[in-house]
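As structure tokens, the structure follows; a few thoughts come after it.
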Amino acid sequence: MRINHHQIVAFNAACRYKGFSNAAKALGVTQSSVTQNVAKFETEIGARLFERRRSGLVLTPAGSKIYAVTEEIGHLYLLLEERMGEYAHLNKGLLRVVAAASQPALSYLRRFKDRHPGIELAFDNASWRRCADLLRDREADVALMPEPENAAGLYIWPIEERVHMALAHESHPFYGASQISITEMAETTIVLASSRSFARWRFERRAAELGVKLQDVVTVGSTPMAVEAVRNGLGIGITYGEAMRIEPHLRSIPITDLADPYSLVAACNSDVRDLAIIRSFFDCMD
């Protein structure tokens, strides 16, 4: 094979920036240079790596496999360049962050942007399991989420410990309770976010361990929708302890069966933890 560095970089940039034009802009080269290098790369590989659609580039199955490798190679090149001083001031680049909740992710992003205004930021929201998948698929650089079930291959940075609590509106019979059990909650309507929710997974797992059958569950699409449903009197919900500090007419109530805390963490792939752009984002969480 006659694959060279420029073909790998061009292909990886086209994947990362979702198109030839954006890749060329990020690399500081012409679009024709990117397209030609990608075409040569496909020839050397012996397979089509992209499907060209009106909506943009879509990786083929072969392209997805190659991208996983070239992304690792790309990180090694970045690390080498950083060691040579090219990125010493972190004045260019892209950082892709995904989080299971907007806070504290947005506050960290603001702090990072204040320190490194030249870095482009891409932020998305995903379920806690999906966050880990996006890291492993190299579609995100950093994830903020509850500690994943499988941390293999990931570098984990603890942020804080949280406790899940019941959320009740002032009109609900449990509003004045000092604490509540899952058994007691099962006697009323419970509002839970979709099956992708970490709070729901943890609550239902604990209920199953206790042998408690949840009789009346209202399922909504997201945690913010669950809070809104509780506010409108549809039932009692689940939240973490500090989430309701400024919510009028709502109150968080300790759940005796979920008194043990869980960890909120930041994570990245272990092989990129030494990249300056990753280290600098982690520094913003101190």
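The values are calculated or read from the model by the stated rules, or taken from the named source; none is laboratory data. Small disclaimer: the values here were computed from a predicted structure and weren't measured. When we count neighbours, we look across all protein chains shown, and the Cβ atoms used for this are built from the backbone with ideal geometry, even at glycine. Just so you know, the surface numbers come from the protein's heavy atoms only, side chains and all, with ligands and any DNA or RNA stripped out. Shrake-Rupley method; radii C 1.70, N 1.55, O 1.52, S 1.80 Å.
For the reader, a short list of remarks on this structure follows.
- Nonlocal amide H pairs with Val191, under 5 Å, H built at 1.01 Å: Val218, Ile236, Gly237
- Backbone N under 20 Å from the Val218 label point (7 Å along Cα→Cβ), restricted to segment 191-208: 191-201, 203-204
- Rounded to the nearest 500, the helix-only mean residue ellipticity at 222 nm of the chain stands at -12000 deg cm²/dmol, with each DSSP H run of n ≥ 4 adding -39,500 (n - 2.57).
- Structure-derived volume of the Cα convex hull per residue in Å³: which label, when the choices are (i) 118; (ii) 196; (iii) 156: (iii)
- Taking every alpha-carbon pair under 8 Å whose residues sit at least 6 apart, the chain reaches a relative contact order of 20 percent.
- Accessible carbon and sulfur surface of the chain relative to its total accessible area, %, 1.4 Å: 50
- FRET efficiency, Thr60 to Arg279 (Cβ-Cβ, R0 30 Å, nearest 0.05): 0.30
- Over segment 190-270, accessible surface divided per residue gives 49 Å², non-protein components excluded, 1.4 Å probe.
- Acute angle (nearest 10 degrees) that the helix 198-210 long axis makes with the longest principal axis of the chain, alpha-carbon atoms: 50
- Separation of the Met225 and Ser21 label points, Cα + 7 Å toward Cβ, nm: 3.4
- For Glu161 and Val29, the FRET efficiency from 1/(1 + (r/R0)^6), where r spans their Cβ atoms and R0 equals 41 Å, is about 0.30.
- Greater than 18 Å apart at Cα, pairs in Lys92/Lys113; Lys18/Lys65; Lys25/Lys92: none
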